[in-house]
Amino acid sequence: MSALTGPDVLSAAERSAVEALVFPLADDEFVIAERYTEWQVRAPTLESDLALANVAQDEFGHARLWYDVVADLGYDEPELLFEREPDEFYHASLCALPFDAGDWADAVVRSYLYDTAEALRLGSLAGSAYAPIANRIERITTEEEYHREHATTWIERLCVDAEGRQTVQNAVDRLYPYALALFEPGTPEQTDAIESLNLRTESLPSLREQWIETTSTFFESIDVSVPVVEPLPEDPGRHDSHVEAWLSLYEEFTRTYRELDRAHTPTITSEHNDG
Amino acid sequence: MELHECKTRAGPREFGPHDDLPREYREAATRMIQFHANSEIMGAYLERPFIRQSPSLDRKLAFSAKVQDEIGHGQLLYRAAESLGIKTREEMLDELANGEGKFLNCFHYPMTEWWETPMIAFFVDGAAMRRQATIKRTSWEPYAHAMDKICFEEGFHIKHGEHIMRELATGSRREQQLLQDAFEEWWPRILQFFGPTDDESTHHDFAAEVGLKTMSNDELRQAFLNAYLPKATEYGLEIPDEPRIREEDGRYVVEEDDLNWEEFWAVANNEYAGSHEQIGSRARAHDAVAWVRGTIAGESA
């Protein structure tokens, strides 16, 4: 049962806890969707092109659902996306990592790792004390299940021969450490606030244990080994350092907005009215 | 079926895979549909950077969906072409990547700025819609059938292009100027969309005789201008002085000599600088994932 029914009932502290929880969720979905769209018109077959475009659009849709939660706290879309500084984004680096041209194993392994984490994370939010969070879980969960099925099928298809399995192994070796960083908590104060308010009903370390268990079991079943990760990458994302490629992605996605000078819309409108 | 019988029977949606059609027909239909399918892929190629560069989340989703639709149209059209028994989809996609496949003139030019996007998403798609609507009555039924779905989706694309154009046309003076500049650059190419004048079109006569084409290039250009010249004016765009367009008895007549046909033919033969650029990008993307197609090829065996 959600005790916090909506934005109006939140204290300043509760509000900042909601933001600390939701920004990373929204940014993860947005940034990974950006990377998926790079496969549009470049996927191995027309069918896989259509499928990955669907996944990308679903993730953009989820990003919007999460951004709407913070928008209700008084932000507009330009503030949430186009006017935020690149170091004020809180996605995990797994979402922003670039990939080599044609590395389809990266796309499907990244999707598998991300969507498995996503399923666990959504499970820990279904009972959130903040109603606008809890209300969104069902819709997102259904779509993420389809993504995971799609990714799993493709990973198994690539593993039909040794060469294909090696591409999967390479992707796992490269992406797994960054995927673990999906479960990196924010500051201790934020974590305390999120957990004491019951915004999330399970701790991130506990979710990480379950994720390691699930992903290891799956990869072992197809003879792909899971790397031992110690320590985490230096650029895990979130509140710490972002991978360098994030900056060029950011430059590209804000380019038109900046060139159209949309940040100064009111001036533009009055200029237009004069003319 | 003999060729004369094929010409006698030719009519809307008259022929399908169950008909034993003369090779001339199947080759002409393959050429036409392959060109159309290739154009869907190459158009998507040109628009894909704007998924990322869209200035709002709504536009981003619309661009991603549009690019996805174009790939879906390519898929449907290659299937309609494949059913003629001349070439497989793989062969056609390979031809596109190696520079043998032909596609629409407008998709040989680079598009780098947001304010250029309505030139394709509104004008070129609008022109394509004119042509595609007539193909609903083509004689190869699978092609006509594909067009039912394609035309339905293209309607949304044109609305999307028109929204972007309206936003720019009613924006700041700078936005209006950028839109006008883009229009002036793209306008001659758009006028050449329908190809050469009828008496220079090499494939038209046969395609018309067997019912593959139901309207001539001139008629299509006419229908396009009737609808889109007023639209351009409505959005405050000034029609460039050249190429000259006269109004004669309620018809628009384009002064053909004002258009650069040398460039058009270079484009048509994939020999323009932009052709190398676009086809090269396509080839690199196609080759980069060849290994995946190789890996999964064993599955169906």
*asked:* If I take every Cα pair under 8 Å that is 6 or more residues apart in chain B, average their sequence separation and divide by the length, what percent do I get for the relative contact order?
replied: 22 percent
*Positive end of the charge dipole of the stretch A:160-205 (Lys, Arg +1 and Asp, Glu -1 on Cβ, about the Cα centre): tell me which of A:GLY164, A:THR187, A:LEU199 has its Cα farthest that way.*
A:GLY164
*For peptide A:47-58, compute the average count of partner chain beta-carbon atoms within 10 Å of each residue's beta-carbon.*
4
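With viscosity set to 1.002 mPa s and temperature to 20 °C, compute the Stokes-Einstein D of the protein assembly as shown, Rh being the Kirkwood radius across alpha carbon pairs; µm²/s, no decimals. Each step should come with its number before you reach the end.
Values: Rh = 26.1 Å.
The calculation lands on 82 µm²/s.
If contacts are Cα pairs under 8 angstrom and at least 6 residues apart, what is the relative contact order of chain A in percent?
On the way: 319 pairs, mean separation 66.6, N = 275.
Across chain A, relative contact order equals 24 percent.
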*Enumerate the aspartates and glutamates that B:LYS159 could reach by cross-link, defined here as Cα to Cα under 20 Å, with residues fewer than 8 away along the same chain left out.*
B:GLU40, B:GLU47, B:ASP58, B:ASP69, B:GLU70, B:GLU113, B:GLU116, B:ASP125, B:ASP148, B:GLU167, B:GLU175, B:GLU234
_What's the ranking of A:88-101, A:111-124 by average number of surrounding C-beta atoms within 10 Å, highest first?_
A:111-124, A:88-101
*Taking chain A as a Gaussian network, where each spring joins two C-alpha atoms under 10 Å apart, which residue of A:ASP103, A:ASP161, A:ASP76 fluctuates the most?*
A:ASP161
*Rounded to the nearest Å, what's the spacing between the alpha carbon centres of the stretch A:184-241 and the stretch B:154-199? Just the number, please.*
49 Å
*Choice from B:ALA44, B:ALA273, B:ALA182 with maximal GNM fluctuation in chain B (Cα, 10 Å cutoff)*: B:ALA273
*So for the protein assembly as shown, taking the charge dipole from beta-carbon charges (+1 Lys/Arg, -1 Asp/Glu), which of A:GLN57, A:PRO227, B:ILE33 sits furthest toward the positive end?*
B:ILE33
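Would you mind classifying the stretch B:93-192 by shape? Square roots of the alpha carbon gyration tensor eigenvalues, ordered a ≥ b ≥ c; an a/c under 1.5 is rounded, otherwise it is prolate if a/b is larger than b/c and oblate if not. It would help to have the intermediate numbers written out before the result.
Numbers: a/c = 2.66, a/b = 1.57, b/c = 1.69.
Judged from the Cα gyration tensor, the stretch B:93-192 comes out oblate (a/c at least 1.5, b/c at or above a/b).
If each DSSP helix of 4+ residues adds -39,500 (n - 2.57) and the sum is divided by the residues in chain B, what number results at 222 nm, nearest 500 deg cm²/dmol? Numbers along the way, then the final one.
Values: 13 runs with 191 residues, N = 301.
That calculation yields -20500 deg cm²/dmol at 222 nm.
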*About the Cα centre of chain A, what is the dipole size in debye to 20, counting +1 per Lys and Arg Cβ and -1 per Asp and Glu Cβ, all else neutral?*
440 debye
*Any chance you could get the radius of gyration and Dmax over the Cα atoms of chain A, in Å?*
19.5, 69
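Please work out whether the stretch A:133-275 counts as rounded, prolate or oblate from its C-alpha gyration tensor, where a ≥ b ≥ c are the square roots of the eigenvalues and a/c under 1.5 means rounded, while otherwise a/b larger than b/c means prolate and anything else oblate?
On the way: a/c = 2.10, a/b = 1.58, b/c = 1.33.
Prolate, since a/c reaches 1.5 and a/b exceeds b/c.
Helix by helix, which DSSP H runs in chain A go 18 Å or more along their axis at the Cα atoms and have an average Kyte-Doolittle hydropathy of -0.5 or more?
Working: long enough: A:12-37 (37 Å, 0.26); A:46-71 (37 Å, 0.15); A:104-123 (29 Å, 0.10); A:137-158 (31 Å, -1.22); A:162-180 (26 Å, -0.55); A:204-221 (25 Å, -0.43); A:245-259 (21 Å, -0.87).
Qualifying helices, which must be both long enough and hydrophobic enough, are A:12-37, A:46-71, A:104-123, A:204-221.
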*Net charge, A:GLU163 excluded, C-beta distance under 14 Å - Lys, Arg +1, Asp, Glu -1*: 0
*Considering chain B as a Gaussian network with a 10 Å cut-off on Cα pairs, which listed residue, B:ARG221, B:ARG246, B:ARG26, attains the greatest mean-square fluctuation?*
B:ARG246
*For B:69-79, what's the mean count of beta carbons from other chains sitting within 10 Å of each residue's beta carbon?*
3
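Which shape class, rounded, prolate or oblate, goes with the stretch B:3-300 when its Cα gyration tensor gives a ≥ b ≥ c as root eigenvalues, a/c under 1.5 marks rounded, and past that a/b bigger than b/c marks prolate? List each step's numbers first, then the result.
Numbers: a/c = 1.77, a/b = 1.22, b/c = 1.45.
Taking the square roots of the gyration eigenvalues as a ≥ b ≥ c, the stretch B:3-300 is oblate.
Around B:LEU3, under 14 Å between beta carbons, what's the net of Lys plus Arg minus Asp minus Glu among the other residues?
Neighbour charge sum, excluding B:LEU3 itself: -4.
To the nearest whole number, what is the average tally of beta carbon atoms from other chains within 10 Å of the beta carbons of peptide B:44-53? Please list the in-between numbers first.
Details: counts 4, 3, 1, 2, 6, 3, 1, 11, 9, 7.
Partner Cβ neighbours, averaged per residue: 5.
None of the figures in this text is laboratory data; all of them are computed from the coordinates on show. Keep in mind the model is a prediction, meaning the values are calculated, not measured. Here Cβ is always computed from backbone atoms with ideal geometry, including for glycine, and neighbour counts include all displayed protein chains.
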